[in-house]
Amino acid sequence: MAFTLPPDWVTDTATLHILGAVVAVSLVGPVVARFLRRTPSVKFQVALPEEANPGWKGGELLKNPSIQDPARPGQIICYDPSTGRHLATIRAHTKADVDEALIKARKAQAKWAKATFAQRKVVLQSLLDFILQNQESICRVAARDTGKTMVDGKFGEILTTCERIRWTLAYGEDALKDEYRDPGLLMFYKSAKVEYRPMGVVAALVSWNYPFHNTFGPLITALFAGNGILIKASEQVAWSTTTYFAKIIRTCLEACGHDPELVQFLVGFQECGEAVVKSGVEGITFIGSPQVGAKVATAASANLTPCVLELGGKDVAIVNKDVDLKAVVPILMRGVFQNCGQNCIGLERIIVHESLHDKLVEMTGSRIKQLKQGPPLEVENIDCGSMTMSGRSDALEALVQDAVKSGATLVHGGGRFIHPQFPHGQFFTPTLITDLRPTMKIAQEETFAPIMAIFKFSTVKEAITLANSTPYSLGSNVFSRNQKEGRYIMDHLRVGMSNLNDFGVNYLCQSLPFGGVGISGYGRFGGPEGLRAVCHQRSITVDRWPMLIQTFLPPVLQYPMANVGDAIVVTRDLVNIIYAGWVGRVKSVFEIVKVLVVGANEPEVL
């Protein structure tokens, strides 16, 4: 009996609604159910440092602030880069501290490795709930230590960390559960699988631009995979790391009934970093410059320690001739000036079609000139905060002046900004520079600064050549209404990541791996690849039907072999049976039977 739809079924509104609901539930239901699944949580509290409170006026005003003072060796001078106010002086950790930290982490990890995924999820859910309830506090601490604005903190510190936790809670267990593989026809009677087991204690040496997220990103991954971790934070953010961020995860672990020594925080100079790399940890994640990354890889090679290296970029936005600049310009502005350009995937180069060049310069120039700068915790309505590292303005001014001498046009900015109320703040004026060529230093070196650098192209081939003209190969962004042409451009870029008609959103898709090629590094964090990167991968085979069939070597193949000629025939025909065409397979079956049942052959001469 055939099933037929009524002739007027398409016009039946109720039927359409029912069909729509069925389709929606079947497609979206599993995703929503996973999203709404609630993991138990444990509440805990961590006191906010008084220096992070709005209106804090304590601390000595440092006229020429620097994290190092020759008169105080072994000490880290912590200060607010947007005001120059002293925050704290912290002892730099040494090799002895690293050795002690590793011992503590190993002891705690031995117990943590036995924790179930359900127990690990409780820790992450508790952490997520704390972050949600303390967003302002986390952002204020980050702002005080780096000079970033509260909005930049919400984007780069909070949103990204919450999404990392959400994805790990929803999909982390699936990524790490035993993965069964096809054993092939030859081994049909075996069950083959890959197991993902904790490495032990891993290390993360992370950069200063997002002190909360850069610390908690690798920490979340390491803990969920069953590892302990040493976090070597940048000395630039020693204050926020030691006085608040470290206490968050350690208090969380303790509140959930686990050993807080599982996570060890270290701050220090070169000696500390080298000691971590050479300590004997089972894996290393490093976020920083290519120069330091190369040293990390070299030092890690002594112990053959596997590394994931994320070494910065010179990311590009290619703006095709068919785009709507009104829609694109706001994205470009965020991509360049987010966190004062101190982003590894920040837009360091904008390559625009020559027909749109002048209009783009006009539109961005008017916006850049209106950007407001100042200390984010002292002045309201700030677009851009300060540069975190001291001394950056000298290097940036040199790059801009070198470009101008070589023919570039400086539209706005190009130098340091002296705030009238906070003259000791480390500010660099939001800058717009155009008429650039790939041979200029500013086109080749990572600026990590609020500089919009505009290039122009006439053909798609030229745009691709420009984009691929630097040794950096981290991320990229292509803007085009023509999806086919946009994808063509993306397919020809030598990068680790690319976005069409957007900026940096691949990092908000935490299911995706993050990383680059070339001098931008190797290895990946994020997604299943990131979780598995901090695991030992074990290949396992077991008997599928142990009571029925197991591996058995016929006498002709057993040592000592009575007749090498027969052994050669059997192994040759075995290969043919598995891999040859049907005629060859049948022929080989008869030949094997002849050898095994009928009798021996004369030994073959090889």
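The values are calculated or read from the model by the stated rules, or taken from the named source; none is laboratory data. Remember, predicted model here, so these are calculated numbers, not experimental data. Cβ: placed from backbone, ideal geometry, glycine included. Neighbour counts: every protein chain shown. Surface areas here come from the heavy atoms of the whole protein model, side chains and all, with no ligands, DNA or RNA. Shrake-Rupley method; radii C 1.70, N 1.55, O 1.52, S 1.80 Å.
In a reduced charge model with +1 at each Lys and Arg Cβ and -1 at each Asp and Glu Cβ, the chain shows a dipole moment near 460 debye about its Cα centre.
Toward the positive end of the charge dipole of the chain, with +1 on the Cβ of Lys and Arg and -1 on the Cβ of Asp and Glu, the farthest Cα among 339, 109, 165 is that of 109.
Solvent-accessible area of residue 352, all protein chains in place: 0 Å² (probe radius 1.4 Å, heavy atoms, ligands and nucleic acids excluded). Between helix 246-255 and the chain, what is the angle of the helix's C-alpha long axis to the longest principal axis, kept within 0 to 90° and rounded to the nearest 10? Tilt relative to the chain: about 50 degrees.
Largest accessible area first, the listed residues 405, 587, 193 line up as 405, 587, 193 when surface is computed with a 1.4 Å probe on the assembled protein chains. Phi-derived couplings, Karplus 6.51 cos²θ - 1.76 cosθ + 1.60 at θ = phi - 60°, listed residue by residue for the range 106-119: 5, 5, 5, 5, 4, 7, 5, 4, 8, 5, 6, 4, 4, 5 Hz, with x used for Gly and Pro. Per atom type, the range 296-384 shows carbon and sulfur on 50% of its accessible surface, probed at 1.4 Å.
For the range 104-198, the alpha carbon positions stretch 62, 31, 21 Å along the principal axes, listed from largest to smallest. Rounded to the nearest 500, the 222 nm mean residue ellipticity of the chain from helices alone is -12000 deg cm²/dmol, with -39,500 (n - 2.57) taken per DSSP H run of at least 4 residues. Only one residue of 220, 194, 207 has its Cα farthest out toward the positive end of the dipole of the range 174-242, where Lys and Arg carry +1 and Asp and Glu -1 on Cβ, and that residue is 194.
Heavy-atom surface analysis with a 1.4 Å probe gives the range 461-514 a carbon and sulfur content of 51 percent of its accessible area.
Using a cut-off of 13 Å between beta-carbons, work out the net charge of the residues near residue 383 (Lys and Arg +1, Asp and Glu -1, residue 383 not included). Result for the neighbourhood of residue 383: +3.
When the C-alpha to C-alpha distance is required to be over 32 Å, the pairs from 326/484; 57/247; 295/321; 43/278 that qualify are 295/321; 43/278.
Placing +1 on each Lys and Arg Cβ and -1 on each Asp and Glu Cβ, with no other charges, gives the range 418-466 a dipole about its Cα centre of roughly 120 debye. Here the peptides 220-232, 452-464 are ranked by packing, the mean other Cβ count within 10 Å, and the order with the highest first is 220-232, 452-464. Cα extents for the chain along the principal axes, largest to smallest and rounded to whole angstrom: 101, 67, 64.
Listed by chain and number, the lysines whose alpha-carbon sits under 17 Å from that of residue 177, ignoring those within fewer than 8 places in the same chain, are 114, 121, 193. To put it simply, the accessible area of the range 55-167 at a 1.4 Å probe is 56 percent carbon and sulfur.
Between helix 354-368 and the chain there is an angle of about 50 degrees, using the helix long axis and the longest principal axis of the Cα atoms. The alpha-carbon of residue 372 sits under 13 angstrom from the alpha-carbons of these aspartates and glutamates, leaving out residues fewer than 8 places away in its chain: 380, 383. Annotation: peptides 277-290, 572-585, ranked by per-residue average of other Cβ atoms within 10 Å with the highest first, follow the order 277-290, 572-585.
Please report the spacing between the Cα centers of the range 408-435 and the range 86-154 in Å, no decimals. Using only Cα atoms, the two centres lie 34 Å from each other.
Straight-line cross-link partners of residue 111 among the aspartates and glutamates, defined as a Cα under 12 Å from its Cα and at least 8 positions apart when in the same chain: 259, 261. In this structure the chain gives 47 Å² per residue of accessible area when probed at 1.4 Å with all protein chains present.
Residue ranges 115-128, 470-483 sort as 470-483, 115-128 when ordered by packing (mean number of other C-beta atoms within 10 Å per residue, highest first).
Taking Cα atoms only, the orientation of helix 564-579 departs from the longest principal axis of the chain by about 60 degrees.
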